[in-house]
Amino acid sequence: MILLEPRPAPSRLFSLASPLIAIALTLMASAALMAAMGRDPLAALSVYFVSPFQDAYGRAELVVKAIPLALIGAGLAVCFRANVWNIGAAGQFTLGALAAGGLALALPNAAGPLWLVPYLLAGCLGGMVWAAIPALLRTRFNANEILVSLMLTYVAGLLLDLLVRGPWRSPLSFGFPQTRDFADAFALPVLVAGTRLHLGLVLAVLACVGLWLMMTRTLKGFEVRVVGAAPRAAGFAGFSEARTVWFAMLLSGGLAGLAGAVEVSATIGKIQPDIGAGYGFTAIIVAFLGRLNPLGAALGALVLAVSYIGGENAQILLKLPKNVTGVFQGMLLFFLLACDTLIRWRLRLRRAGEA
Amino acid sequence: MTATPLLEARRLTKRFGAFTAVDGVSLAIAPGERHALLGENGAGKSTLVKMLYGVLQPTSGALFWNGEPARIASPAAARARGVGMVFQHFSVFEALSVAENVALALPPEPIRALSARIAQVSQAYGLAIDPARAMHTLSVGEKQRVEIIRCLLQSPRLLIMDEPTSVLTPQEAEALFQVLTRVAAQGCAILYISHRLDEVRALCDAATILRRGKVVERCDPRASSARELAEKMVGESIGWVARGDAARPGPVRLGLHGLSLPAPDPFGVSLNDISLAVRGGEVVGVAGVAGEGQSELFAALSGEAPVPQAAMVAIDGAPVGDKGITARRRLGAAFAPEERNGHAAVGDMTLPENILLSHHAAEGLARGGWINAVAARGWSDRVRAAFDVRADGPAPPARALSGGNLQKFVIGREVLREPGVLVVNQPTWGVDAGAAAAIRRALIALARRGAAVLVISQDLDEIFEIADRIAVLHHGRLSQAADASAMTPERVGLLMGGAHPEAA
């Protein structure tokens, strides 16, 4: 029988290096996977992990992919720190896109940059409303927020489908399930000409830095950390667990909704069934890769963005299926959690006779 | 002793990292012997016993069972050899019956046959218990009986009792001794772990005294006085706690008026009509065995569990029953709960961060929502200096501190606020003698400076050492507080067992 024993003093160095070890292991396992699929492993890995950096446009695209991941991941880092497990960021992302997109579609003649403000706020609000459902059920009925938030993701997906195939479908779409294009007032401005790098970058940086300051310097962040680490000590400190659950859910939901609004505004300009691209789930990996630290989430978002762009390149250049990207991301989370576990615990073999 | 010892340990050593908990201890227990293992908290008693019971593996040294080298790899292996152990803090399934709880620890057998065997053993040893009763209806003493019966059903050759009387009233302890005497008369050896010398002298015929992981003395406890044993156990004269006279009693600073609160969960204790007035200048002790409502009373006093009516709790005359803990702190009250880890302190957080836990609002360490880290660090440094809290570095995590040092920090953190009302639960639980004396002195000194101090404790010696008045908690009811000089351990013991005040 194999036992897991806590290590007396887990190494701090290894705890910090855990993401790097996990990335290295993912690369090795990916190489083996490529070889098994009959590709030259080195060539395939270079398409995946080197080609995204080769030109300025590619590097800008990396950041564009990282923006929604960082926005969602920073919120989730705070949420997970509170020991609140919002797994439904994908659904909150969708609701944010729908709420903001609904506003944009309702105002086809809007003009002027100020319209972006209500547009982005609507996105936040949409995500918060969707996150409020698991928060309410958890605080009122002690329902598990993991299950509720996860299941609401599928509800959100069906709602999106219903709208873009039904009432919101553009009359000019030749039957394709998509809405009309948003008015130009709702397009986030591009920061660097010749790329798609947009204003969302500023929002993502603000969110990561702001949440990092909150977690390290303010009483609110302290409250979140205490509730997550020791609920009874939180009661002793006068912090309410229910209030923290609400705060963590609304914060992470609002940021996921904001990411949804930013994404449809900046890169698509309309709503269609595949707006999410799995950002809501990938952001969970981002949060863990960033050691549940909002600044770390920014780095984690860049790492995961590489796998997205590399995956697109591999589809084109190597004719590899799109799902390989998901396999990479899954392996990364797997290795990361395995490293974390083995850094805090050790394996011990026990013979059957010892009982 | 000429016969082969039943269990012999030779030069047993256990190291945890750089810390040597048990250092070359040799010990021999003869069949039928009642052997006491004496020592202060932290002397290495529990570590030694865990090695004998297979919970821990020794770093070096050897064990012999009936003269044969033996390796005890797990508690199951220990039980197979005939070693039974009753833990100090045993865990039971509250929702199951007595027989079902016992069945979980034994090889499968029909519950009816087992119930019959339980009844038989409880008859034979005078351990009255009904196998069909639900566990949560039993008192702690009765639960302990179930644990003993569970061990006896396995026909042990050696029964290990870890601080068994810490959860019992004096009368229950007396009954336990009779049971243990009967068990020993049947030929079963007993290893009895305690730091209570009178018990050991009454029960045991051999003693091994541990200090800082080493054997300092082997003796016959009946041939030594309690004082001699104590000196060997402690090794140096510990600070004596001078209570002195209560200052002229000041105004009532903490008032409880008919405090009632339903149990928070099916296995909790409800508080019933508790009234008490604690005046400035005095220490009031609340005695009682474990699980009689201490945690619930503390939560109601601290505001972690606000009570329905504001008037039930008053701090300096202000009704606060419906207020939370932060509001009560702002009125000058301070609190120190029983559990250090995860309640009074967060292990993974630094000491300055742990200062914030109770001081963030009451001492204004987070004005405008921003943490004043410099001020928190200053508080932490002052508490460490004033209470001799030993730890490395300017901001070590709380879990790096030993139990005694962390407890001094937790108590010192509150005392240094100079609160008008201080409520502490189990102030010296699991703390070494030096730290315990320092904490008790600080509590008395705080009261003499004019604060009302309420100490909830299961340690009767502690209550008598520091309290000016004593009340007893039983089944969520509090007896009238009486002057400590008018109370005797016997009288308190009767009240702890639920006797009516007039009868006591």
**Prompt:** Going by the structure shown, is B:Val252 over 27 Å from the mean Cα position of the chain (by Cα), within 14 Å of chain A (Cβ to nearest Cβ) and over 26 Å from B:Leu494 (Cβ atoms)?
**Reply:** no
**Message:** I'm told A:Asp274 meets every condition in (1) free of Cβ contacts under 8 Å to residues at least 24 places away in the same chain; (2) within 23 Å of A:Leu120 (Cβ to Cβ); (3) within 14 Å of chain B (Cβ to nearest Cβ) except one. Can you identify the failing condition by its number?
**Reply:** (3)
**Prompt:** Somewhere in region A:331-348, is a residue assigned to a helix (DSSP H, G or I), crowded, with 24+ Cβ neighbours inside 10 Å and either in contact with a helix residue (DSSP H, G or I) (Cβ under 7 Å, 6 or more places away or on another chain) or more than 14 Å from chain B (Cβ to nearest Cβ) (or both)?
**Reply:** yes
**Asked** Do we have B:Val320 as in contact (Cβ under 8 Å) with a residue 40 or more places away in the chain and crowded, with 21+ Cβ neighbours inside 10 Å here?
**Response** no
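It is to be established whether one or more residues within region B:326-334 are within 25 Å of the chain's Cα centre (by Cα) and surrounded by fewer than 23 Cβ atoms within 10 Å (Cβ to Cβ). Steps first, answer last, please.
Going through region B:326-334, the residues within 25 Å of the chain's Cα centre (by Cα) turn out to be B:333-334.
When the remaining residues are screened for being surrounded by fewer than 23 Cβ atoms within 10 Å (Cβ to Cβ), the result is none.
Taking every residue of region B:326-334 in turn, none turns out to be within 25 Å of the chain's Cα centre (by Cα) and surrounded by fewer than 23 Cβ atoms within 10 Å (Cβ to Cβ).
Pick out the one residue from A:Ala66, A:Ala100, A:Ala111, A:Ala122 that is surrounded by fewer than 16 Cβ atoms within 10 Å (Cβ to Cβ), touching a helix residue (DSSP H, G or I) at 6+ places or on another chain (Cβ under 8 Å) and over 30 Å from A:Pro231 (Cβ atoms).
Details: A:Ala66 fails: surrounded by fewer than 16 Cβ atoms within 10 Å (Cβ to Cβ); A:Ala100 fails: surrounded by fewer than 16 Cβ atoms within 10 Å (Cβ to Cβ); A:Ala122 fails: surrounded by fewer than 16 Cβ atoms within 10 Å (Cβ to Cβ).
It is A:Ala111.
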**Message:** If a residue must be closer than 20 Å to A:Ser307 by Cβ and either over 30 Å from the mean Cα position of the chain (by Cα) or touching a residue at least 60 places away in the same chain (Cβ under 8 Å) (or both), how many such residues does region A:1-34 contain?
**Reply:** 10
**Fill in**
Considering region A:215-234, residues that are facing another protein chain (nearest Cβ under 9 Å) and of a type in the set (A, V, I, L, M, F, W, C), and then whichever is surrounded by the fewest Cβ atoms within 10 Å (Cβ to Cβ), we arrive at A:Ala229
**Item:** Every residue from region A:69-97 that is buried (at least 24 other Cβ atoms within 10 Å of the Cβ) and touching a Lys or Arg at 6+ places or on another chain (Cβ under 9 Å)
**Value:** A:Ala77, A:Ala82, A:Val84
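Tell me the residue from A:Val78, A:Val84 that is in contact with an Asp or Glu (Cβ under 8 Å, 6 or more places away or on another chain), closer than 30 Å to A:Val226 by Cα, in contact (Cβ under 8 Å) with a residue 60 or more places away in the chain and among the aliphatic types (A, V, I, L, M), please. Step through it out loud before you land on a result.
Working: A:Val78 fails: in contact with an Asp or Glu (Cβ under 8 Å, 6 or more places away or on another chain).
Step by step, each of A:Val78, A:Val84 is checked, and only A:Val84 is in contact with an Asp or Glu (Cβ under 8 Å, 6 or more places away or on another chain), closer than 30 Å to A:Val226 by Cα, in contact (Cβ under 8 Å) with a residue 60 or more places away in the chain and among the aliphatic types (A, V, I, L, M).
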**Request:** Could you please tell me which pairs satisfy a Cβ distance under 9 Å, a separation of 6+ or placement on different chains, a first residue in region A:133-145 that is under 13 Å from A:Ala248 (Cβ atoms), and a second residue that is among the basic types (Lys, Arg) and surrounded by fewer than 16 Cβ atoms within 10 Å (Cβ to Cβ)?
**Result:** A:Thr139/A:Arg243
**Prompt:** Taking region B:283-299, which residues are out of contact with any Leu (no Cβ under 6 Å at 6 or more places or on another chain) and within 14 Å of another protein chain (Cβ to nearest Cβ)?
**Reply:** B:Ser295, B:Phe298, B:Ala299
**Asked** For B:Glu296, which of the numbered conditions (1) in contact with a Ser or Thr (Cβ under 9 Å, 6 or more places away or on another chain); (2) crowded, with 24+ Cβ neighbours inside 10 Å fails to hold?
**Response** (2)
**Asked** Name the residues in region A:221-277 that are among the hydroxyl-bearing types (Ser, Thr, Tyr) and in contact with a strand residue (DSSP E or B) (Cβ under 9 Å, 6 or more places away or on another chain), would you?
**Response** A:Ser265, A:Thr267
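For A:Leu255, are the conditions met, namely being more than 14 Å from chain B (Cβ to nearest Cβ) and assigned to a helix (DSSP H, G or I)? Break it down into steps so the answer makes sense when it comes.
Details: more than 14 Å from chain B (Cβ to nearest Cβ): yes; assigned to a helix (DSSP H, G or I): yes.
For A:Leu255, the condition - more than 14 Å from chain B (Cβ to nearest Cβ) and assigned to a helix (DSSP H, G or I) - is met.
Take the residues of region B:300-316 that are assigned to a loop (DSSP other than H, G, I, E, B) and closer than 21 Å to B:Asp273 by Cβ: which is nearest to the other protein chains (Cβ to nearest Cβ)? Steps first, please.
Step one: of region B:300-316, the residues assigned to a loop (DSSP other than H, G, I, E, B) are B:303-309, B:316.
Of the ones still in play, those that are also closer than 21 Å to B:Asp273 by Cβ are B:303-309.
On the way: B:Gly303: 8, B:Glu304: 5, B:Ala305: 9, B:Pro306: 11, B:Val307: 15, B:Pro308: 18, B:Gln309: 21 Å.
Of everything passing the filter in region B:300-316, B:Glu304 is nearest to the other protein chains (Cβ to nearest Cβ).
If you go through region A:190-212 one residue at a time, do you hit one that is of a type in the set (S, T, N, Q) and away from every other protein chain (no Cβ under 14 Å)? Explain how you work it out, then say what you get.
From region A:190-212, those of a type in the set (S, T, N, Q) are A:195; that's our starting set.
If we keep only those that are away from every other protein chain (no Cβ under 14 Å) too, we end up with A:195.
Within region A:190-212 (the criterion being of a type in the set (S, T, N, Q) and away from every other protein chain (no Cβ under 14 Å)), the answer is yes, since at least one residue qualifies.
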**Item:** First in region B:261-275 and assigned to a strand (DSSP E or B), second anywhere and exposed (fewer than 14 other Cβ atoms within 10 Å of the Cβ), Cβ under 7 Å, 6 or more apart
**Value:** B:Asp273/B:Gly258; B:Ser275/B:Gly258
**Request:** Kindly indicate whether any position in region B:73-87 is modelled with pLDDT of 85 or more and of a type in the set (Phe, Trp, Tyr).
**Result:** no
**Asked** Does any residue in region A:217-242 that is within 15 Å of B:Glu304 (Cβ to Cβ) come within less than 8 Å, Cβ to Cβ, of a residue that is among the polar types (S, T, N, Q) and assigned to a helix (DSSP H, G or I) six or more places away or on a different chain, and which pairs are these?
**Response** A:Val227/A:Thr244; A:Ala234/A:Thr244; A:Phe236/B:Ser302; A:Phe236/B:Ser358; A:Ala237/B:Ser358; A:Gly238/B:Thr326; A:Ala242/A:Thr139
**Request:** Could you tell me which numbered condition B:Asp245 fails, if it satisfies all but one of (1) more than 23 Å from the chain's Cα centre (by Cα); (2) closer than 23 Å to B:Met496 by Cβ; (3) modelled with pLDDT under 75?
**Result:** (2)
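Only one residue in B:Ala277, B:Ala305, B:Ala290 is of a type in the set (A, V, I, L, M, F, W, C), closer than 25 Å to B:Thr169 by Cα, within 27 Å of the chain's Cα centre (by Cα) and surrounded by fewer than 24 Cβ atoms within 10 Å (Cβ to Cβ), so which one is that? Explain how you work it out, then say what you get.
Working: B:Ala277 fails: closer than 25 Å to B:Thr169 by Cα; B:Ala305 fails: closer than 25 Å to B:Thr169 by Cα.
Just a single option satisfies the conditions, and that option is B:Ala290.
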**Message:** Is it the case, given these coordinates, that A:Val63 is farther than 19 Å from A:Gly290 by Cβ, in a helix (DSSP H, G or I) and among the β-branched types (Val, Ile, Thr)?
**Reply:** no
**Qualifying positions in region A:245-273 - more than 14 Å from the chain's Cα centre (by Cα), buried (at least 24 other Cβ atoms within 10 Å of the Cβ) and hydroxyl-bearing (Ser, Thr, Tyr)** = A:Ser265
**Request:** Working only within region A:10-33, note down all residues that are over 19 Å from A:Val303 (Cβ atoms) and either touching a Gly at 6+ places or on another chain (Cβ under 7 Å) or more than 14 Å from chain B (Cβ to nearest Cβ) (or both).
**Result:** A:Leu13, A:Ala32
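Results for (1) under 19 Å from the mean Cα position of the chain (by Cα); (2) surrounded by fewer than 21 Cβ atoms within 10 Å (Cβ to Cβ); (3) of a type outside the set (D, E, K, R), shown as yes or no for each residue.
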residue	(1), (2), (3)
B:Glu363	no, yes, no
B:Arg377	no, yes, no
B:Val383	no, no, yes
B:Asp392	no, yes, no
B:Phe409	yes, no, yes
**Item:** B:Gly126, sole failed condition from (1) more than 23 Å from B:Gly497 (Cβ to Cβ); (2) under 29 Å from the mean Cα position of the chain (by Cα); (3) more than 14 Å from chain A (Cβ to nearest Cβ)
**Value:** (1)
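The values are calculated or read from the model by the stated rules, or taken from the named source; none is laboratory data. Bear in mind the structure is a predicted one, so any value in this text is a computation, not a measurement. With ideal geometry, Cβ positions are generated from the backbone for all residues, glycine too; neighbour counts draw on all protein chains shown.
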